[in-house]
Amino acid sequence: MTQINLKKPKLKIKKGDQVIVITGKDKGAKGEVIKILTASRRVVVRGVNIVTKHNKPSQVSSGGIEKKELSLHISNVALADPKTGNPTRIGYKTLKDGKKVRVARKSGETIE
């Protein structure tokens, strides 16, 4: 019998982080994370992976053509280093006061 993992995955990228797309059609694009979809391990980045959606008119909206951002898999984005702006991996460090913070691996800068 297969076992289902119901535990929420721990993601190192948070809402509001500046990220860089490292693969795909938008490779090299920078943007801010506006939404995290933890169950599917995906992120929505402002100004990246934009598609055109055609909406039918309804009683609520007039319809028409709308541009919107679709999600990217979290493995296709990397955090932008706060010091240099280049892609970096994320680590964790415990400060002297006991607070756990995220740290950019390349420069060692703490991430707010």
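Here, each number is a calculation from the coordinates, and none is a lab measurement. The model shown is predicted, which means the values in this text are computed figures rather than measured ones. Here the Cβ positions follow ideal geometry from the backbone for every residue, glycine too, while neighbour counts run over all protein chains shown.
Key figures
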quantity: Where labels lie 7 Å past Cα in the beta-carbon direction, separation of VAL60 and THR84 in nm; calculated: 4.7
quantity: Rounded FRET efficiency, nearest 0.05, which uses the C-beta distance separating SER107 from SER75 and R0 of 25 Å; calculated: 0.70
quantity: Theoretical gain in end-to-end length, LYS99 to LEU11 [0.36 nm per residue, Cα-Cα removed]; calculated: 29.8 nm
quantity: Under 5 Å, built H, 5+ apart or other chain: amide partners of VAL45; calculated: ILE34, LEU72
quantity: Amide H within-cut-off set for ASN86, under 5 Å, with H built and near neighbours excluded; calculated: ASP81
quantity: Amide H partners (placed H, <5 Å) of GLY31, local residues excluded; calculated: VAL19
quantity: At R0 = 30 Å, FRET efficiency that the Cβ-Cβ distance of LYS27 and LYS53 yields, to 0.05; calculated: 0.85
quantity: Phi to ³J(HN,Hα) by Karplus 6.51 cos²θ - 1.76 cosθ + 1.60 over the range 41-48, Hz, x for Gly, Pro; calculated: 6, 10, 10, 10, 10, 5, x, 10
